[in-house]
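Take a look at the structure below.
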Amino acid sequence: MQRMAKFYILLVAILLVITACSSNNGGTTTTNNGTNTNSSQSETNSSSHNSSEKENVTITAWAWNVNVGALNAAAELYKAENPHVTLKVEDIGRLDVYDKLSTGLAAGGIGLPDIVLVEDDRIGGYVEAFPKGFLDLSAQGFEANEAVFPNFKLELAKVNGTYYAFPFDAGPAGMFYRTDIFADAGVNADSIETWDDYIEAGKLIKEKTGSFMAPLDKFNDDPTLRMMLNQLGIYYFDAEGNIDFLHPDFAVAMAKQKVMDDAGLIKDVIGWDGVVSATIDGSVATIPFGAWYYGTIVDQAKDLDGKWGVFRMPSFEKGENHSANLGGSSWMIPSTTKNTDEVYKFLNFFSTNDQVQQIAMTDYGLFPSLQTVYATEVFTSEVSFFGGQKIWELFANEMPTIKTPYYTNDYAIGLDEAIKAQADVFNGKAIDVALKEAAERLASRTDRQINAY
């Protein structure tokens, strides 16, 4: 018995030595955010820190272009108060984001990030196609943010009354114009209130300087038409998703463009490069676009410093709406995220922090949807490139009055048919015939109902 007792004591001692060695072998373990940490270091850290310290979390995101820089800048600020959170952004092309997002959603969420940038015209379509694919932000308390965003961005961020996106940048529209060309023609931009005023000014400018009034890829894009429709409070579809090509105001907008073209005021260009070339060479006096076009002007037309200004989009009648939007995006959270609370907190910080949105604006040219930031110096200061004009104040002032464009998941098809109708009108087809034919084609391609008037 004594010999047996000694054997057990020896066995226990051996086991204790083995256990001690294995706990100090420099091995690694995988944390819940997928990172490998040294076991002995983890034990040291856990013993030397307060037990309430949060576990490290890595948030992944998909975005493109300047949006990546804005996201990373926000992450640095956020990390100061939340050192346990690390952001990893995959910078990929816009269309690649959508390809990967669609593929991942179709596969049940496989391979998706925690955050993804989505343009506003695609939010509703994604949620309709994948109703369980994105986090319900209303359930997380997003309604508490409603007071700080304009109504149209809020409407675009929700589907069937539920929020699925954090509003980010927007494209309030304005008329960028060459102050020197206007001066040479003796035209005062402040006198242009309506589209008819704009057309009359354009005729004089064309006569005196030879410059067209605006560039347009007439047979491949319809940005001016979209802004006009938005001003009038209509779009390709109505709030119920019905086709609205036969709305009387759709014909009004189309007719105004035709008058401009018949007067020789539209320069027909090819694609984006054509628009940029016209911006640089002075062949056009104005460019109707979203606020984001500022970045293109200051980057591509450096020699024209001080020769640019902005005035409000003309209204259709005196006293009517001048405001419109072109472009904009928001952030969505795939429902497969394993860090719901942390991801929501980060995006809430990103979207509602004045400092973050000022950086997005000043460093990356992304016009914010956050209304509280409009009172800061960035938005109330003069812009030297634009002759000291307070252009950001002009754009900010229109944000509350922009009407909601209803995109639906058939927006791309609606865009295609609107461009075809526009091309038909420019080629001489009667407006009512062109719109009726486009509406019927759109109905056959989507099974949506056509509103009759």
Computed label-point distance, nm, for sites S384 and N220 using a 7 Å Cα→Cβ extension = 3.7
Cross-link reach list, aspartates and glutamates versus K100, counting only Cα pairs under 13 Å and skipping chain neighbours closer than eight places = E90, D91
Dimensions (Å) - the chain, Cα atoms, principal axes, largest first | 117, 51, 37
Cut-off under 5 Å, modelled amide H: who pairs with G328 long-range = D120
Stokes-Einstein D for the range 170-291 at 20 °C, 1.002 mPa s, Kirkwood Rh over Cα pairs, in µm²/s?
-> 142
Distance (nanometres) between label positions extended 7 Å along Cα→Cβ at A263 and T162 = 4.9
Would you work out the charge dipole size for the chain about its Cα centre, treating the Cβ of every Lys and Arg as +1 and the Cβ of every Asp and Glu as -1, and quote it to the nearest 20 debye?
-> 1440
Working from Cα positions, state the angle (0 to 90°, nearest 10) between the long axis of helix 120-129 and the longest principal axis of the chain.
-> 60
For the range 317-453, just run the numbers: alpha carbon Rg, then divide by 2.2 N^0.38 Å, N being how many residues it has.
-> 1.45
Please list the non-local residues whose amide H lies under 5 Å from the amide H of W308, H modeled 1.01 Å from N, same-chain partners needing a gap of 5 or more.
-> T179, G387
Which net charge results when you count Lys and Arg as +1 and Asp and Glu as -1 among the other residues whose beta-carbon is under 11 Å from that of F182?
-> 0
In whole Hz, the Karplus estimates of ³J(HN,Hα) for the range 430-439 (6.51, -1.76, 1.60; θ = phi - 60°; x where Gly or Pro) are 4, 4, 5, 5, 4, 6, 5, 5, 5, 4
Kindly write out, for the range 344-360 in residue order, the coupling ³J(HN,Hα) from the Karplus curve 6.51 cos²θ - 1.76 cosθ + 1.60 (θ = phi - 60°), rounded to whole Hz, with x marking Gly and Pro.
-> 4, 4, 5, 5, 5, 5, 4, 7, 10, 9, 4, 4, 4, 6, 5, 5, 4
Specify the inter-centroid distance of the range 260-274 and the range 225-240, based on alpha-carbon positions, in whole Å.
-> 22
Hey, what angle do you get for helix 39-48 against the long axis of the chain, alpha-carbon based, 0 to 90 degrees rounded to 10?
-> 90
Which FRET efficiency, nearest 0.05, do T401 and Q300 yield, Cβ-Cβ r, R0 22 Å?
-> 0.15
If each part is reduced to its alpha-carbon centroid, the range 357-385 and the range 159-173 end up apart, in Å, by 19
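Evaluate E = 1/(1 + (r/R0)^6) for D341 and E207, where r is the Cβ-Cβ distance and R0 equals 45 Å; express this FRET efficiency to the nearest 0.05.
After rounding, the FRET efficiency stands at 0.10.
What's the magnitude of the charge dipole for the range 131-278 around its Cα centre, counting Lys and Arg as +1 and Asp and Glu as -1 at the beta-carbon? Answer in Debye, nearest 20.
Dipole magnitude for the range 131-278 comes out near 220 debye.
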Kirkwood Rh over alpha-carbon pairs of the range 231-339 plugged into Stokes-Einstein at 10 °C, 1.306 mPa s gives a D in µm²/s of 92
Give a residue-ordered list of calculated ³J(HN,Hα) values for the range 79-91 (Karplus: 6.51 cos²θ - 1.76 cosθ + 1.60, θ = phi - 60°; whole Hz; x for Gly, Pro).
-> 5, 4, 9, 9, x, 7, 9, 10, 9, 10, 9, 9, 8
Looking at the range 299-453, how many pairs of lysines come closer than 20 Å at the Cα, when each pair is eight or more places apart or spans two chains?
-> 5
Cα-based helix-to-principal-axis angle, 94-106 vs the chain, degrees rounded to 10 | 60
Listing I243, I280 by rising number of other beta-carbon atoms within 10 angstrom, fewest first, gives I280, I243
The simple spin-label model distance between Q355 and L77, using points 7 Å out along Cα→Cβ, in nm, is 0.7
So who's got an amide H within less than 5 Å of the one on T60, skipping anything under 5 residues away but keeping other chains? H placed 1.01 Å off N, in plane.
-> K88, D114, I115
With the dipole of the range 308-453 defined by +1 on each Lys or Arg Cβ and -1 on each Asp or Glu Cβ, the option from A324, P334, N427 whose Cα lies farthest towards the positive pole is N427
Take S211, S315 and order them by how many other Cβ atoms sit within 10 Å, fewest up front.
-> S315, S211
Please name whichever of G202, G295, A438 sits farthest to the positive end of the charge dipole of the chain, dipole taken about the Cα centre and charges placed at Cβ: Lys and Arg +1, Asp and Glu -1.
-> G295
Want the number for V66 to A139: 0.36 nm per residue separation, take away the alpha-carbon distance, what's left?
-> 23.3 nm
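Just so you know, all these numbers are worked out from the coordinates, no wet-lab data involved. Keep in mind the model is a prediction, meaning the values are calculated, not measured. Heads up, the Cβs are rebuilt from the backbone with ideal geometry, glycines too, and the neighbour counts pull from every protein chain shown.
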